[in-house]
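Taking it in order: structure first as structure tokens, then the write-up.
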Amino acid sequence: MSTQPKLSEQEIIALLLKRDEKGFNYLYDNYAGAIYGIITKVVHLKEYADEVIQDVFVKIWKNIAQFDAEKGRLYTWMINLARNTAIDYIRSKGYQNEQKNQSIPEFVNDSEQYATTPNVDHIGMKNVLSQLKGEWQELIELAYFKGYTQQEIAERLDIPIGTIKTRTRNALIELKRLLKDYR
């Protein structure tokens, strides 16, 4: 267990902006688990998730100046960055080609061997999502935790894309209202 003092969000940001490794180490030690959990919900395989988490922390280090505290918390920014990086990774041509080139038995064995299902719900997101309508919960799950595009969701659920966009927007508005107490 680490004996380092607890840093506030503002202190972490200040250290990162100064390119202080102490801030980066603190950030990694305290947030890597949650970020890794988000990544594995999208990427699924450990070896790929390990690559993505490295990319995410490099992006945080390089792009911390783009973080805007007026728009939200550092944690939310990092989670969105992780999710988007994981989605970009699974949509990359290299990843797609690698998936196509694996034989079925190898892929099944690898996915079972490397699949992880970490419990990263320490911020209570499942409780918050459970307060949404069922159809909205499903949209948020597919879009934000499984990396589906709105078009893919529309095809999967056999619902017009316009309906998906409207429901997603309404779900996000309601989610924002529910999360205002967590800020």
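Here G23 passes the criteria (1) crowded, with 17+ Cβ neighbours inside 10 Å; (2) within 27 Å of K126 (Cα to Cα); (3) not hydrophobic (A, V, I, L, M, F, W, C) except the one numbered (2). Are any residues in the stretch 50-67 in contact (Cβ under 8 Å) with a residue 24 or more places away in the chain, of a type outside the set (V, I, T) and either in a helix (DSSP H, G or I) or open to solvent by 70 Å² or more (accessible area, probe 1.4 Å) (or both), and if so, which ones? Answer for the stretch 50-67, where residues must be in contact (Cβ under 8 Å) with a residue 24 or more places away in the chain, of a type outside the set (V, I, T) and either in a helix (DSSP H, G or I) or open to solvent by 70 Å² or more (accessible area, probe 1.4 Å) (or both): E51, D55, F57, K59, W61, A65. Close contacts from the stretch 18-47, counting a first residue that is touching a residue at least 24 places away in the same chain (Cβ under 8 Å) and a second that is open to solvent by 60 Å² or more (accessible area, probe 1.4 Å) and among the hydroxyl-bearing types (S, T, Y), with Cβ to Cβ under 8 Å and a gap of 6+ residues or different chains, come to D29/S2; T40/T117; H44/Y114; L45/Y114; K46/Y114; E47/Y114.
How many residues does the stretch 150-183 hold that are without any contact (Cβ under 8 Å) to a residue 24 or more places away in the chain and open to solvent by 70 Å² or more (accessible area, probe 1.4 Å)? Qualifying residue count for the region: 14.
If only residues of the stretch 50-82 that are at pLDDT 90 or above and of a type in the set (K, R) are counted, the one that is nearest to G147 (Cα to Cα) is K59.
Scanning the stretch 131-149 for residues that are over 13 Å from the mean Cα position of the chain (by Cα), in contact (Cβ under 8 Å) with a residue 40 or more places away in the chain and open to solvent by less than 70 Å² (accessible area, probe 1.4 Å) yields a count of 1. When A86 is tested against (1) within 15 Å of the chain's Cα centre (by Cα); (2) small (G, A, S); (3) at positive phi, only condition (3) is not met. Hey, does the stretch 26-49 have a residue that's touching a Leu at 6+ places or on another chain (Cβ under 9 Å), closer than 23 Å to A143 by Cα, open to solvent by 60 Å² or more (accessible area, probe 1.4 Å) and at pLDDT 85 or above? No: the stretch 26-49 contains no residue that is touching a Leu at 6+ places or on another chain (Cβ under 9 Å), closer than 23 Å to A143 by Cα, open to solvent by 60 Å² or more (accessible area, probe 1.4 Å) and at pLDDT 85 or above. Taking the criterion of being on the phi < 0 side of the Ramachandran plot and not in a helix (DSSP H, G or I), the residues of the stretch 68-81 that qualify are D68, A69, E70, K71, R73.
The values are calculated or read from the model by the stated rules, or taken from the named source; none is laboratory data. Given the structure is predicted, the values throughout are model-derived calculations rather than measurements. Heads up, the Cβs are rebuilt from the backbone with ideal geometry, glycines too, and the neighbour counts pull from every protein chain shown. All accessible areas refer to the heavy atoms of the entire protein, side chains included, with ligands and DNA or RNA removed. Shrake-Rupley method; radii C 1.70, N 1.55, O 1.52, S 1.80 Å.
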